[in-house]
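Have a look at the structure below, then the notes.
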Amino acid sequence: MTVNMEKFLVTEKQKNFPWDFIADADTYEVWDEIEIGKEYVAPIKYEVKAEDIINYSQAILDDNPVISDEKKAKESPFKGLIAHPLFLTTIGFFCIRSGPGSWIRTPGARNPGQKIELYEPIRPGDIITLHMKSYDKWIKRGKYYMTYEIKYIDQHNRLKATMWTTLILPRTREDIRKFMRAEHGLEA
Amino acid sequence: MSNVTFSSVKLEEKLPEVVQEVTQERIWKYAAASLDFNPVHIDPEWVKTAQPFSIPVTVAHGMMTISFVTSVLTNWAFPSGGWVRKIDVKLTKPAPPGTVEKCGGIVTEKHPRGKNQSFVVVEVWAENQNGEKLAVGTAEVVLPD
């Protein structure tokens, strides 16, 4: 990559995260090779800290105190800080780095939209484990779509949220390698 | 505290808009916050030739746009204890730096249920400064009685 992200890395997790998605791209799952119906548990858990929640809210310039101010959030109906619903994105990228689901890091992938169900707020102190299922893949108008169903479960075995994560992907490993060389590797 | 309740909400009621400007600096900060460092978002040199969206410039994360859209709902509902329980959004156009995203929502359905279980369906969207839709979708928001 031609950019250096170091100055934007604020939280402890960000500073220790492997952020060069091109460097490891040859190891990511490929659309062509993914088998539907398989279930996996992500090996990395996410221990939620207040700084993670607040940093996400700051990045989207959302100053709603429920999601950005620990002190004021205690006076809200939620009685404490909770995460913005799309904070699920951060948990997903933190927990999925290689192996099943690593296609979410694919250079050149495009986001066609997402579906999310939220059952309980995510709060500081939660330790989230991702239970994943290769849910569907399909071809439409020459584009190759991939969906994983990802369940976000806390340390008390409570289901916090389910996300059907979908991307349009390069179809083959050679297509991904084109993107690694900064060449276009999508068919449509 | 906001007083948005199921009984006070009216069909066709518009939610307060969220307006956000996309800049490369903001994309980099969102990349760090979301841990999504895909080069299509963060690397202006790479995208000149790779062009996943068939344009030679970076684009904002789709999840950033969906976050803005969702903030329309959370700003409206969270202060009174409402809960966003479902979001289903399609992204229809990329948002390169320079885009001003205007996000809104309108209540289209009311579903009476038991105590503090009633919910509304909200149509949501994001559009750019030219009025072109960047995202469209629906959400379900549970509201206090």
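The values are calculated or read from the model by the stated rules, or taken from the named source; none is laboratory data. Model, not experiment: these values are computed from the prediction. Glycine gets a Cβ as well: all are built from the backbone with ideal geometry, and neighbour counts include every protein chain shown. All accessible areas refer to the heavy atoms of the entire protein, side chains included, with ligands and DNA or RNA removed. Shrake-Rupley method; radii C 1.70, N 1.55, O 1.52, S 1.80 Å.
Answer yes if at least one residue in the stretch B:17-26 is within 7 Å of chain A (Cβ to nearest Cβ), surrounded by fewer than 17 Cβ atoms within 10 Å (Cβ to Cβ) and in a helix (DSSP H, G or I), and no otherwise. No: zero hits. Among the residues of the stretch A:86-98, not a single one is within 10 Å of another protein chain (Cβ to nearest Cβ) and at pLDDT below 95. When you check A:Thr106 against the structure, is it among the hydroxyl-bearing types (Ser, Thr, Tyr), on the phi < 0 side of the Ramachandran plot and surrounded by fewer than 21 Cβ atoms within 10 Å (Cβ to Cβ), yes or no? When the stated conditions are applied, A:Thr106 does not pass them. Examine the stretch A:77-96 for a residue that is outside any helix (DSSP H, G or I), open to solvent by 60 Å² or more (accessible area, probe 1.4 Å) and farther than 21 Å from A:Asp154 by Cα, and state whether such a residue exists. No - not one qualifying residue is present in the stretch A:77-96. Please determine whether any residue of the stretch B:88-99 is over 19 Å from B:Lys10 (Cα atoms), out of contact with any Pro (no Cβ under 7 Å at 6 or more places or on another chain) and aliphatic (A, V, I, L, M). So far as the stretch B:88-99 goes, yes, one or more of its residues are over 19 Å from B:Lys10 (Cα atoms), out of contact with any Pro (no Cβ under 7 Å at 6 or more places or on another chain) and aliphatic (A, V, I, L, M). Restricting attention to the stretch B:109-128, the residues that are open to solvent by less than 40 Å² (accessible area, probe 1.4 Å) and either of a type in the set (A, V, I, L, M) or part of a strand (DSSP E or B) (or both) total 7. Considering the conditions (1) touching a helix residue (DSSP H, G or I) at 6+ places or on another chain (Cβ under 8 Å); (2) at the interface with chain A (Cβ under 10 Å from one of its Cβ atoms); (3) surrounded by fewer than 17 Cβ atoms within 10 Å (Cβ to Cβ), B:Ser67 is excluded by exactly one of them, (3).
Report yes if A:Arg181 is within 13 Å of chain B (Cβ to nearest Cβ), charged (D, E, K, R) and out of contact with any strand residue (DSSP E or B) (no Cβ under 8 Å at 6 or more places or on another chain), otherwise no.
On the way: within 13 Å of chain B (Cβ to nearest Cβ): yes; charged (D, E, K, R): yes; out of contact with any strand residue (DSSP E or B) (no Cβ under 8 Å at 6 or more places or on another chain): yes.
Criteria met by A:Arg181.
Among the residues of the stretch A:43-76, those identified as within 19 Å of the chain's Cα centre (by Cα) and among the acidic types (Asp, Glu) are A:Glu47, A:Glu51, A:Asp52. For B:Pro52, the criteria (1) facing chain A (nearest Cβ under 7 Å); (2) more than 27 Å from A:Asn16 (Cα to Cα); (3) part of a helix (DSSP H, G or I); (4) not hydrophobic (A, V, I, L, M, F, W, C) hold in every case but one, which is (3). Screening B:Lys29 with (1) touching a helix residue (DSSP H, G or I) at 6+ places or on another chain (Cβ under 7 Å); (2) open to solvent by less than 30 Å² (accessible area, probe 1.4 Å); (3) free of Cβ contacts under 8 Å to residues at least 60 places away in the same chain gives one miss only, at (2). One residue stands out among those in the stretch A:60-76 that are open to solvent by less than 10 Å² (accessible area, probe 1.4 Å) and assigned to a helix (DSSP H, G or I): the one that is nearest to the other protein chains (Cβ to nearest Cβ), which is A:Val66. Of all the listed residues (B:Gly62, B:Gly105, B:Gly131, B:Gly98), the sole one being facing chain A (nearest Cβ under 7 Å) and either surrounded by fewer than 22 Cβ atoms within 10 Å (Cβ to Cβ) or touching a residue at least 24 places away in the same chain (Cβ under 8 Å) (or both) is B:Gly62.
Among A:Asp26, A:Asp52, A:Asp126, which is of a type in the set (D, E, K, R) and surrounded by fewer than 18 Cβ atoms within 10 Å (Cβ to Cβ)?
On the way: A:Asp52 fails: surrounded by fewer than 18 Cβ atoms within 10 Å (Cβ to Cβ); A:Asp126 fails: surrounded by fewer than 18 Cβ atoms within 10 Å (Cβ to Cβ).
Checking each option against the conditions leaves just A:Asp26.
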